[in-house]
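Take a look at the structure set out below.
The values are calculated or read from the model by the stated rules, or taken from the named source; none is laboratory data. Just so it is clear, the model here is predicted, and its values are computed rather than measured. Glycine also receives a Cβ, built like all others from the backbone with ideal geometry; neighbour counts cover every protein chain displayed.
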Amino acid sequence: MMKRIAIVLDGITPVNTIVLGAGAKGDEWLEANPNAVEVTGLDPQPGVGTGWTYDGEWVAPVPAEPTPEELAIIEARQSAIAKLEALGLTVDEVQVAFGLVAE
């Protein structure tokens, strides 16, 4: 049986996660705590401290912008892939050649 989960809200911000009792016990707890919303089975599942908000429906956090260092790594990786492809090699072939993946 799947564990029932609820998130307690402070306004629109999740502040606590609760494991609900099965059946009527969990339903009664939810009725007595209108600042809690059941999240059992949601995918992706909202969480406390992860940037989710709730205002009648769950809103996922906006992904963070990459840092300048992360952007440099992404650009270097894309450049390397383009050079390999220009030579007629695939990324998979290079990974096998350098022992980065099992053959």
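Tabulated data
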{"item": "Long-range neighbours under 8 Å by Cβ, at least six apart or interchain, first residue among the aromatic types (Phe, Trp, Tyr) and modelled with pLDDT of 90 or more within the range 36-55, second part of a loop (DSSP other than H, G, I, E, B) and surrounded by 13 or more Cβ atoms within 10 Å (Cβ to Cβ)", "result": "TRP52/PRO46; TYR54/PRO46"}
{"item": "Filter result (surrounded by 10 or more Cβ atoms within 10 Å (Cβ to Cβ) and closer than 30 Å to ILE12 by Cα) within the range 57-103", "result": "TRP58, VAL59, ALA60, PRO61, PRO66"}
{"item": "Qualifying residues in the range 31-56 (those that are in a loop (DSSP other than H, G, I, E, B) and acidic (Asp, Glu)) - the one farthest from VAL15 (Cα to Cα)", "result": "ASP43"}
{"item": "Odd one out for MET1, checked against (1) exposed (fewer than 14 other Cβ atoms within 10 Å of the Cβ); (2) of a type outside the set (Val, Ile, Thr); (3) touching a strand residue (DSSP E or B) at 6+ places or on another chain (Cβ under 7 Å); (4) not in a strand (DSSP E or B)", "result": "(3)"}
{"item": "Some residue of the range 82-96 being of a type in the set (A, V, I, L, M, F, W, C) and in contact with a strand residue (DSSP E or B) (Cβ under 7 Å, 6 or more places away or on another chain)", "result": "no"}
